[in-house]
Amino acid sequence: MNSAQSSRATDSDAKSPSGTYQRISRYTLYSEAPSASDPEFVHIEDIPSRARLFDWAINIHTHPNMFQLVFVHTGSVRIFIDGQEESHSAPVIISVPAGVVHGFEFEREATEGCVITVSRLLIQDDQFARQFPFEQELLQTARIINLTRHPKDLAFIDQTALQLTDEYQGNAIGKKAMFAWLLFGLLVKLGRLVEERPETGPEDIHSERFRRLNTLIEGHYRQHQAVEFYAQELCTTPASLSRTCKQVADKNITDLLYDRLILEAQRMLIYSSVPVSLIAYDLGFNDPAYFSRFFRRRVGLSPTAFREQRDGIHGTNS
């Protein structure tokens, strides 16, 4: 959910909940701090500040590379998600995996809450994926979780959302670690609620294949496998897999693989003192010079310049 000033969108044809055809926008969030290129990209904002810009109606759209939690604390909301339409009174929280088509109509001037947006790659990194027990239940399927009958869970979610917002807006030492712990705890709590009352969301073939692809990429991106490898693992053809990537993410599979390599390179450059040459070898490059050229083409800076720039920004953070 983002305005033209703070997002970039492309459109594709799809059916609305009423069955008529309309344009579905694909958005990539941009944020003042951190930016969309930040390897730990997150964005948090309150619902009214965005919804008022659009007369409290957020048109149907999708975020190919972002996972969202929409927490409606007071008021009510009409939810359009992957071809289904539901109306709920607060408190309710909606999880929106990457690539899921969604839109909202909020109760005018009565709705309070927040939207937490997290890079899909952030929640699919190696450590998170190993420890999180509800990946299929929550991160790969859209969920609408009504919290009316869960007052204790609501109190936890409300407090955690407030703490996440404080961390996002502040600049305290240990910000990155604290934010990660709070987000992990919130997602585990939501996963438990989903497990108690399963609510399977709709899934089309391209969305399901795209999510399986990203799981495969997470496990193999250091090996620089060819497109044919991923197609074979997913029991499809390279051409069909390319169509899936284009439809869901408006990218080709090579770009997805390069994005994952760059994300890991950025993390290692920021959060470690490992030499650039060793980072190159760790990411499967045989030639550190080639890695540096690859990094510069994708980021616009050499690895060394990127590290120096980020050190200047995060010099006071852990």
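General observations
- First in segment 132-158 and under 24 Å from Phe104 (Cβ atoms) and touching a residue at least 60 places away in the same chain (Cβ under 8 Å), second anywhere and assigned to a loop (DSSP other than H, G, I, E, B) and polar (S, T, N, Q), Cβ under 7 Å, 6 or more apart: Thr141/Thr200
- Residue check for Ser277: hydroxyl-bearing (Ser, Thr, Tyr) and more than 30 Å from Ala177 (Cα to Cα): no
- Per this entry, Thr254 is not counted among residues that are in the same structural domain as Gln136 (by TED's automatic domain parsing) and modelled with pLDDT of 90 or more.
- Residue within segment 85-101 that is at pLDDT below 85, of a type in the set (Asp, Glu) and assigned to a helix (DSSP H, G or I) present: no
- Taking segment 57-109 as the range and being polar (S, T, N, Q) and under 22 Å from the mean Cα position of the chain (by Cα) as the test, the residues that pass are Asn59, Thr62, Asn65, Gln68, Gln84, Ser95.
- From the options Gly284, Gly300, residue that is exposed (fewer than 14 other Cβ atoms within 10 Å of the Cβ), among the small types (Gly, Ala, Ser) and at positive phi: Gly300
- When residues of segment 142-184 are limited to those that are among the hydroxyl-bearing types (Ser, Thr, Tyr) and in contact with a Lys or Arg (Cβ under 9 Å, 6 or more places away or on another chain), the one farthest from Tyr271 (Cα to Cα): Thr160
Okay, residues lined up against (1) at pLDDT below 90; (2) in the same structural domain as His150 (by TED's automatic domain parsing); (3) small (Gly, Ala, Ser); (4) farther than 22 Å from Ile157 by Cα:
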| position | (1), (2), (3), (4) |
| --- | --- |
| Glu32 | yes, yes, no, yes |
| His43 | yes, yes, no, no |
| Pro48 | no, yes, no, no |
| Thr62 | yes, yes, no, yes |
| Leu69 | no, yes, no, no |
| His73 | no, yes, no, no |
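- Filter result (surrounded by fewer than 18 Cβ atoms within 10 Å (Cβ to Cβ) and either in the same structural domain as Phe128 (by TED's automatic domain parsing) or part of a helix (DSSP H, G or I) (or both)) within segment 260-276: Arg267, Tyr271
- Beta carbons closer than 6 Å, at least 6 apart along the sequence or on distinct chains, pair a first residue in segment 103-118 that is surrounded by fewer than 18 Cβ atoms within 10 Å (Cβ to Cβ) with a second that is of a type in the set (Phe, Trp, Tyr) and at pLDDT below 95 for Arg108/Trp56.
- In segment 63-78, the residues that are part of a loop (DSSP other than H, G, I, E, B) form Cβ pairs under 9 Å with partners that are acidic (Asp, Glu), at six or more places apart or across chains, as follows: Pro64/Asp250; Asn65/Asp259; Gly75/Glu107; Gly75/Glu109; Gly75/Glu112.
- Segment 136-159: number of residues that are part of a helix (DSSP H, G or I) and either among the aliphatic types (A, V, I, L, M) or surrounded by 18 or more Cβ atoms within 10 Å (Cβ to Cβ) (or both): 7
The values are calculated or read from the model by the stated rules, or taken from the named source; none is laboratory data. What you see is a predicted model, and the numbers here were worked out from it, not measured in a lab. So basically every Cβ, Gly included, is an ideal-geometry build from the backbone, and we count neighbours across all protein chains shown.
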